[in-house]
1. For segment 2-213, what is the relative contact order in percent, using Cα pairs closer than 8 Å and at least 6 residues apart in sequence?
2. Counting other beta carbons within 10 Å of each Cβ, put GLU101, GLU133, GLU198 in order, fewest first.
3. Add -39500 (n - 2.57) for each DSSP H run of 4 or more in the chain, then divide by its residues: what number comes out at 222 nm, to the nearest 500 deg cm²/dmol?
4. What shape does segment 111-206 have by the C-alpha gyration tensor, where a ≥ b ≥ c are the square roots of the eigenvalues, rounded means a/c under 1.5, and otherwise prolate means a/b greater than b/c and oblate the rest?
5. For GLU182, GLU152, GLU43, what's the fewest-to-most ordering of other Cβ within 10 Å of each Cβ?
6. Please order PHE175, PHE84 by the number of other Cβ within 10 Å, starting at the fewest.
7. For GLY166, list long-range residues whose amide hydrogen, built 1.01 Å from N in the peptide plane, is under 5 Å from its own amide hydrogen.
8. Determine the percent antiparallel among the DSSP beta bridges restricted to the chain, to the nearest 5.
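We did not get these values from a lab; they are worked out from the coordinates using the rules stated. Because the structure is a prediction, the values reported are computed rather than measured. For neighbour counting, all protein chains shown are included, and Cβ atoms are generated from backbone atoms with ideal geometry for every residue, glycine included.
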Amino acid sequence: MIRILNGRTRGQHPQAIDEMFKLRKRVFHDFLKWDVQTEGEWEIDNYDKSNPLYILSYSPDTGKLRGSLRLLPTLGPNMLDDTFPILLGDNPEIRSASIWESSRFCIDPEISQDRASNQVTVAAAELMCGVGELGLASGIGHIVTVTDVFLERMFRRMGCPGERIGEPHRIGSVFAVAVAWEVTPSLLSAMKAVAAIEGTVLERPMSLETARAA
């Protein structure tokens, strides 16, 4: 199940927000050893002050948070334009009402280490399907992200290959790359087929703007 929260009202959902920021710290700081900002048990940065949307995936069996990502409009502060413009290559900044950025995509390390099941594929696909459903409901054209080449391969396996915006660059300990996906019904259907997801993944229908204003 996908739950959508926004940054402006995160104080109304303290448990969910606490679990998400703790998961981000376990993934990006503790497990991947990325150079990220932390506050106690949380991984949190300046982009979390820009009223992002948080897409949270919960296990239908245990109710436990199993993955999350963050969405921001590219008309405002975003990681690709403002922190990693090197990944744009020779392309101009991406500032468009029809393009949103996904960032801080993460899956619970306990799930990611379970190679005998398809939980990673299901949790990851559910997150991306949530983005796809929101995008289609909002009429946006593309989602962009900064990721590493390992996750880029995982996106391909789950039915959403995307297109590189520029060439990969070593940033810290990883080879990072900017990827763009066109938001289409066929892409959403392909991801759902790979993960055997039926019907909507959202707890209720909504668009990006209504979710940010909720």
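1. Numbers: 381 pairs, mean separation 46.9, N = 212.
Normalised by residue count, the contact order of segment 2-213 is 22 percent.
2. Details: GLU101 25, GLU133 20, GLU198 8.
The fewest-first ordering by Cβ neighbours comes to GLU198, GLU133, GLU101.
3. Helix contribution divided over all residues of the chain: -8500 deg cm²/dmol.
4. oblate
5. GLU182, GLU152, GLU43
6. Lowest count first: PHE175, PHE84.
7. Counting only residues 5 or more places away or on other chains, the set is ALA178.
8. That works out to approximately 85 percent antiparallel.
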